[in-house]
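The values are calculated or read from the model by the stated rules, or taken from the named source; none is laboratory data. What you are looking at is a predicted structure, and each value in this text was computed from that prediction instead of being measured. Note: ideal-geometry Cβ built from the backbone for every residue, glycine included; neighbour counts use all protein chains shown. Ligands, DNA and RNA are excluded from the accessible area calculation, which covers all protein heavy atoms including side chains. Shrake-Rupley method; radii C 1.70, N 1.55, O 1.52, S 1.80 Å.
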Amino acid sequence: MGSAISPNYGSLKNFMESIVLYNDNEHQSKVEQYLCSIANDVGTSAESDEEMLSIYKSKLETDVPRESIELSDLAIDQMAKQVNVGKYIKDLMKQNPQLQ
């Protein structure tokens with residue numbers, strides 16, 4: 001499985017899958033209101049397993065200085081959550097016509 005942070009086509013595709021584009025502010029508000037109503041599901045979907053966090057960390061170690069804040073467990077976990085939530089929102093929008 002490719003990660004969303006390594007510099008190759010598969011990883012770039014994976015990263016692009018996590019970017020959510022809204023039609024306009026009204027569309028964004030509608031999607032966000034729906035997400036609030038299913039917050040527990042969103043939270044669960046945001047979590048990454050230890051294997052993925054380890055992959056992210058090892059890839060970052062080759063790109064940033066060892067003392068960098070980006071290598072902290074908290075920073076890597078937050079980055080992974082952002083990627084996962086973006087993918088979750090995109091999948092949700094595809095599956096729910098009322099959110100398109």
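Among the listed residues Ser29, Ser54, Ser6, which satisfies the condition of being among the small types (Gly, Ala, Ser) and at pLDDT below 90?
Criteria check complete, one pass: Ser6.
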* **Residue check, Val42 at pLDDT 90 or above and in contact with a helix residue (DSSP H, G or I) (Cβ under 6 Å, 6 or more places away or on another chain)** => yes
* To do: Quick one: in the stretch 38-65, of everything that is hydroxyl-bearing (Ser, Thr, Tyr) and part of a helix (DSSP H, G or I), which residue is most open to solvent (accessible area, probe 1.4 Å)?
  => Thr44
* Any idea which residue in the stretch 70-79 is most open to solvent (accessible area, probe 1.4 Å), counting only those that are free of Cβ contacts under 8 Å to residues at least 40 places away in the same chain and not acidic (Asp, Glu)? -> Leu74
* **Residue among Leu35, Leu12, Leu92 that alone is surrounded by fewer than 17 Cβ atoms within 10 Å (Cβ to Cβ), assigned to a helix (DSSP H, G or I) and in contact with a helix residue (DSSP H, G or I) (Cβ under 7 Å, 6 or more places away or on another chain)** => Leu35
* Asked: Using beta carbons and a limit of 8 Å, which pairs, at least six apart or on different chains, have the first residue in the stretch 21-41 and in contact (Cβ under 8 Å) with a residue 60 or more places away in the chain and the second one open to solvent by less than 80 Å² (accessible area, probe 1.4 Å) and in a helix (DSSP H, G or I)?
  -> Lys30/Leu99; Val31/Ile89; Val31/Leu92; Val31/Met93; Val31/Leu99; Tyr34/Leu92; Tyr34/Leu99
